[in-house]
Structure formats: structure tokens, C-alpha cells
Amino acid sequence: MATTIDYGEAIKGPSAFSGGFRRSFTLAAAIARTDFKLRFFGSALGYLWQLMRPLMLFGVLYLVFTKIVHVSAGNHYPVALLLGIVLFTFYGEATGGSVTSVMDRENMVRKIHFPRMVIPVAVVMLASFNLALNLVVVFIFALVSGVEPSLSWLGLLPLLLILIVFTSGIAMLLSALYIRYRDVQPIWEVVMQITFYASLVLIPYETIRTTHPRVASVLVCNPLAAVLQEARHLVVDPAWVSTSTALGGEVRLLVPFGITVATFLLGLWVFNREAPRIAEEL
């Protein structure tokens with residue numbers, strides 16, 4: 001007797017958190033640690049290769065914007081520039097790596113009880129490991145450059161948490177959309193180039209404010225720019241304008257914070273909705 005199959009109903013697989021949140025987090029941490037070790041396995045210079053990219057970019061941009069263009073900025077601009085590059089490098093590494101992450105882990109996705117959310121979370125975790133190491137270099141460079149250590153440096157921790165939450169939302173969204181739409185990758189590469197210049201990495205808020213104050217205030221609404229600006233204020237020098245001042249008041253901090261929360265929830269919702277169908281779409 002022939003068996004009929006109803007192709008009108010999609011075959012559903014495991015959910016995003018199949019097995020629970022704790023199991024998913026443990027698996028993500030294990031994958032991130034393994035990838036971190038494998039990245040430098042067999043390399044003579046090891047972690048130095050990971051540090052080389054932001055340092056080389058910093059060297060080129062510092063030469064251009066201080067010796068040729070002569071950007072008018074706050075105190076310790078080289079430290080502020082390196083800090084901005086390191087924070088943006090984390091964002092770029094985490095989001096860029098998440099685009100194809102699910103497809104790259106196809107062998108894991110096809111396992112019945114494997115929680116799909118582990119994959120983009122592991123990518124963000126790996127980028128966080130690199131960020132932690134790079135920040136050590138930033139602090140060393142800051143001390144050598146004459147920046148006075150302060151308790152305000154501890155304020156960087158909640159800023160990093162906000163940055164990780166925002167980045168995780170983007171990572172979940174991109175990894176889920178790429179399964180259906182392969183155009184996501186080239187589009188995101190263009191978006192990243194635009195975001196780099198719109199996040200106050202190169203030209204600080206203080207410089208833009210002198211000629212385009214309204215544009216400068218709008219740019220700070222971007223969570224990346226908001227975190228970067230506040231990090232400069234807390235870590236580099238209090239003379240750098242705080243994010244609340246740049247936005248025109250502490251109440252307006254709800255704008256970048258709201259965008260961060262909305263982005264995370266959107267990414268979580270989209271990924272959780274697509275998770276049961278990922279294996280089918282691959």
C-alpha cells in the first residue's frame with residue numbers, strides 16, 4: 001500500500017533553545033572556546049595575528065587623521081581612536097561571522113536535538129573573547145599615552161554588556177535571514193562600511209558638532225556611537241562629551257537603549273521563528 005506524504009505542511013525541527021537555556025549556553029561557550037583555540041593552533045605568533053588587524057587600521061587612520069587631515073578632537077585622540085576601532089572590530093567580527101554561521105555548521109544543525117541558537121551565540125562569544133584581549137592592549141596604550149587610571153573605567157563594563165546585547169540581536173537576525181536570502185551577505189558588507197563612518201569611530205562627535213550639531217545628535221542615537229562616545233568619556237578623558245550631553249539630556253538615553261532592546265527582541269523573535277525550519281531550508 002503506497003504511503004502519501006503531505007508536502008503542504010513543513011517539517012519542523014528543534015526549536016532555537018532545544019534542551020533549555022542552560023544547555024544552549026554551555027554548548028555555545030564550548031564551541032566558542034574550541035574555535036578560539038583552533039584559530040591560533042599551529043601559529044607561531046598566535047594571538048598577535050588577531051591583534052594585528054585593528055592595530056594596522058589604527059596606524060593608518062591615525063596617520064591620515066592627525067598628520068594629513070588634522071582632525072580637531074578631544075584629549076588623547078589616539079587612545080580614543082584605538083578604543084573606537086577595537087569596539088567596532090568586535091561588532092564587525094561578531095555580525096559578519098554570524099551571517100553564514102548557521103550554514104557553516106550544517107552538520108550540527110541537522111542533528112535532531114541540537115539547539116540552533118547556539119550557533120550565533122557562539123560567534124558573539126568568540127568575538128567577545130577577542131574583544132577582552134584587545135581591550136587589555138587599549139588600556140596599556142592608554143597608560144603609556146598618559147591617561148590617568150580612574151574608577152570611571154569600571155563604567156565600561158555595562159557599556160560592553162549593552163554592546164554585546166545589541167550585537168547579539170543583529171547576529172541572530174542576520175544568521176536567520178541568510179538561510180532564506182543569500183543577498184544578506186553582500187548587503188551587510190555595504191551596511192558595515194556605512195556604519196563604520198556613521199558610528200563616530202573616525203571623526204568624533206565633538207568635531208561634527210562644531211559644524212553640524214543636529215547631525216551629530218542624530219548619529220549618537222545609534223547604539224554603537226552611543227556606547228563609543230560614553231566609553232571615550234569614561235575611559236579616555238572626562239573632557240570628551242558624554243552620551244547624555246550629546247543627546248541633550250539623560251532622558252534621551254532611552255533612544256539608543258530602546259533601539260538596543262528592540263533589536264535584540266527582533267533578532268530573538270525572527271531566529272526563534274525560523275529555527276524549526278532551518279534544516280529544511282539548507
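Bear in mind that the values in this text are calculations on the coordinates, not laboratory data. These figures come from a predicted structure and were not determined experimentally. Ideal geometry is used to build each Cβ from the backbone, glycine not excepted, and the neighbour counts take in all protein chains shown.
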Along the dipole axis of the stretch 173-267 (charges at Cβ: +1 for Lys and Arg, -1 for Asp and Glu; origin at the Cα centre), the most positive-end residue among Tyr205, Ala231, Met192 is Met192
Could you state, as a whole-number percent, how many of the C-alpha pairs of the stretch 118-182 are farther apart than 17 Å?
-> 54
Contour excess over end-to-end distance, with Cα ends at Trp269 and Asn75 and 0.36 nm allotted per residue = 65.6 nm
How much length, in nm to one decimal, is gained on full extension between Val215 and Leu133, taken as 0.36 nm per residue of separation minus their Cα-Cα distance?
-> 26.2 nm
Length gained when the stretch Ser242-Arg110 is fully extended (0.36 nm per residue, less Cα-Cα span) = 42.8 nm
